[in-house]
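So the structure is just underneath, and the comments pick up after that.
Just so it is clear, none of the values below were taken in a lab; they were calculated from the coordinates. This is a predicted model, so every value here is computed, not measured. Cβ atoms come from the backbone with ideal geometry, glycine included; neighbour counts cover every protein chain shown.
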Amino acid sequence: MALFQRRPEIGDRISFTTFGMNKTLLFVGLGNPGKEYDGTRHNVGFICLDEFAKKNDFPSWVNKTDMKCLSAVKQMNDTRVILCKPTTFMNLSGEAVQAIAHFYKVPGESIVVVHDEIDIEFGQIRMRIGGSSAGHNGIKSVTKMLGSPDYARVRVGIGPKHPSKSTRPTLCSRSLAKRAGRPPQTDPRNHRHPQRIRLRHSRHSRNPQLFVAHRPW
């Protein structure tokens, strides 16, 4: 649990407050509920949390109707890790985040929100603490309901805004850790189906691979 953590150097007099040393962490993946949104790019927050829960043997997701989310909780070493997928639509995500943070008494500095970012190349990941919503409705809602933008964001690229004019479904990215290729446009014959993504793990690499297709899986 070294997320956003820097080890103090010898003689360093600065006091550090880091996520990795806290006792409780709340990870929130943003997305929209419903099968029609499963695997779509804007649900990459859900996809990331599902993959994290699977790889770390979290218990099954529990539907917390009073907190408007699906949640899974596990003790990882000395840190309690809470996963949250809001069951509201994207623009109301903050309601679930506020409710679960209040229930578990998690401060804003211990909250990490994973979400899609259209202004970042497909497959790239950037992290920051605080800042504006950059027009993302889910982040707007979370900031409003928490009363502060001072929480961590893991921004997963789903851009560019104007993809190339390829008409066939193609592999868009070799790895989340490498620069992704430009995603294709949807084939006009398949325009009714939203683009869908999924993570795959190679036998030869620990890095997940991000794929895009134009038909439901």
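The table below gives the values:
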{"quantity": "Contour minus Cα-Cα distance for Thr24 and Lys64 (0.36 nm per residue)", "calculated": "12.5 nm"}
{"quantity": "Kirkwood Rh, angstrom, the stretch 28-160 [1 / mean 1/r, Cα pairs]", "calculated": "14.7 Å"}
{"quantity": "Two-site FRET efficiency, Asp119 against Lys54, from Cβ-Cβ distance with R₀ of 30 Å, rounded to 0.05", "calculated": "0.55"}
{"quantity": "Lysine pairs meeting the criterion (Cα under 19 Å, 8 or more apart or interchain), as found in the stretch 21-165", "calculated": "22"}
{"quantity": "Protection proxy ranking of 106-115, 74-83, 52-61, 131-140 - average other beta-carbon atoms within 10 Å, highest first", "calculated": "106-115, 131-140, 74-83, 52-61"}
{"quantity": "Over the stretch 21-165, relative contact order from alpha-carbon pairs under 8 Å, at least 6 apart, %", "calculated": "28 percent"}
{"quantity": "Antiparallel bridges, percent of DSSP beta bridges restricted to the stretch 21-165 (to nearest 5)", "calculated": "50 percent"}
